[in-house]
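The structure under discussion appears below in the form of structure tokens.
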Amino acid sequence: MKVSKHIQPLPNFREASKETYLAGFAFSVVLTMSSFALVWAYRAAEDIVFSRGLLIGLLAVAATAQILVQVLFFLHVSSQRTVRMSLYAGIFTVFVVLCLVVGSIWIMQNLDYNMMPRDMTEMVKHDEGIAQ
């Protein structure tokens, strides 16, 4: 396939070079600004343009694309065995961190629900012996 002299192909993201980092940076900036623009448009239009569910879906797509840009252009993930093992280690790390965060929030919510009295006024009246 012949490429026009004015249109340059994307740099090879599997090699660390200045062009790769600049292309990754440009994609990251575009994805970040598009996410901000989506939220800004949603807040300005007040559900006229699109619903909240669509906004969340579009932001999830942009976040997934952002992750792919980071992995491809900055971590240079390829099909080589050593890079794959690093990717597996990174995925496992993310899994462990998510388990810790979600588990901690779950435990704190459960403790808050089970330890706090339903009506603080009634508890104080009972503890202090205040009659009605």
Which peptide among 86-92, 58-64 comes first, and what is the full order, when sorted by highest mean count of other Cβ atoms within 10 Å?
-> 58-64, 86-92
Quick calc, residue 122 & residue 65: beta-carbon distance into FRET formula, R0 41 Å, rounding 0.05, result 0.20
What distance in nm separates the simple spin-label points at residue 105 and residue 34, each placed 7 Å from Cα in the Cβ direction?
-> 2.6
Most to least packed among 68-75, 102-109 [average Cβ atoms within 10 Å] | 68-75, 102-109
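Each value in this text was obtained by applying a stated rule to the coordinates, not by laboratory testing. Owing to the predicted nature of the structure, the values given are computational and were not obtained by experimental measurement. All Cβ positions, glycine included, derive from the backbone under ideal geometry; neighbour counts span all protein chains shown.
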